Ligand SMILES: [Zn+2]
């Protein structure tokens, strides 16, 4: 009888164990915020997550995990990545760590691709960007926010005014970019390891993005560079530094070459505090 009971308990434990393995250990349900998960582009996001984890190489630290995949056991260090539909999200909420869950990354699927299309292959002078490689960089940036314990997005809100004012929020964004850049640089230095190859892929994609940004600035905004136009060189809004400046800064932190330094310096030289009005008649005395 005792033997039978033992067998029964063992069977129950096995069944419970199997059941746990099939249950995603989600910390947070986005439906609480009226958000809907999307099943699109899961493979692409999984590739990006794998790249970001390989580069970050946090053996006992944070690990990005697709929210839709079951995990065997939790370490408490999972950072769940959710793909969301655009309902109830603003256009600027493309990718962010939500205030309600500091170990979650929300990615708005269609918005990410709309955003990327602005900078990729738009015209003959632009280079085609790989979505998962650019996303891997954005995930590393978000991982920086997770380390900071801050909730914040990766890009600025639109329709805000141009300024060069330093804000606490911009400092947080710079720190997240620096975190991502330091991880890429460190991984790239591990010659012969797979993380070095992965880091190189992100490095190349960031160089292409930088090229595209300058091509768009020079071709789509002809003349704007010469007159140091605010809409090209200043920050749009008070939460994030200028996007091209951020990418040039990250490139310089990662590669630390004379070229990357000069490209950054050249851009910074255009950030001048001059009045919008270029010509004004002398006042009548
Ligand atoms: Zn951010």
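The values are calculated or read from the model by the stated rules, or taken from the named source; none is laboratory data. As the structure is a prediction and not an experimental result, all values here were calculated from the model. Counting neighbours? That spans all protein chains shown, and the Cβs are built from the backbone with ideal geometry, glycine included.
The rows are residues; the columns are (1) within 16 Å of the chain's Cα centre (by Cα); (2) within 16 Å of the ligand (Cβ to nearest atom); (3) buried (at least 17 other Cβ atoms within 10 Å of the Cβ); (4) outside any helix (DSSP H, G or I).
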residue	(1), (2), (3), (4)
61	no, no, no, yes
68	no, no, yes, yes
72	no, no, no, yes
83	yes, no, yes, yes
90	no, yes, no, yes
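Is the stretch 214-230 home to any residue that is touching a strand residue (DSSP E or B) at 6+ places or on another chain (Cβ under 7 Å) and modelled with pLDDT under 90?
Yes: one or more hits.
Please go through the stretch 189-202 and give me each residue that is within 19 Å of the chain's Cα centre (by Cα) and either farther than 18 Å from residue 260 by Cα or buried (at least 20 other Cβ atoms within 10 Å of the Cβ) (or both), ordered by number.
First, the residues of the stretch 189-202 that are within 19 Å of the chain's Cα centre (by Cα): 195, 198-202.
Result: 195, 198, 199, 202.
Check off (1) closer than 25 Å to residue 172 by Cα; (2) touching a helix residue (DSSP H, G or I) at 6+ places or on another chain (Cβ under 7 Å); (3) modelled with pLDDT under 85 for residue 240 and give me the number that stays unchecked.
Status for residue 240: all satisfied but (3).
Within the set of pairs 6 or more residues apart or between chains, which connect a residue that is without any contact (Cβ under 8 Å) to a residue 24 or more places away in the chain inside the stretch 55-69 to a residue that is assigned to a loop (DSSP other than H, G, I, E, B) with Cβ atoms less than 7 Å apart?
Once the first residue is without any contact (Cβ under 8 Å) to a residue 24 or more places away in the chain and sits in the stretch 55-69, its partners that are assigned to a loop (DSSP other than H, G, I, E, B) give 61/77; 63/77; 65/71.
Please work out which residue is farthest from the ligand (Cβ to nearest atom), limiting yourself to the stretch 98-111 and to residues that are over 14 Å from residue 35 (Cα atoms) and touching a helix residue (DSSP H, G or I) at 6+ places or on another chain (Cβ under 7 Å).
Looking at residues that are over 14 Å from residue 35 (Cα atoms) and touching a helix residue (DSSP H, G or I) at 6+ places or on another chain (Cβ under 7 Å), I get 103.
Can you tell me which residues in the stretch 172-187 are surrounded by fewer than 20 Cβ atoms within 10 Å (Cβ to Cβ) and either more than 11 Å from the ligand (Cβ to nearest atom) or modelled with pLDDT under 90 (or both)?
178, 182, 185, 186
Hey, can you tell me all the residues within the stretch 92-122 that are within 24 Å of residue 147 (Cβ to Cβ) and assigned to a loop (DSSP other than H, G, I, E, B)?
Listed by number, the residues that qualify are 92, 93, 94, 97, 98, 99, 100, 101, 102, 103.
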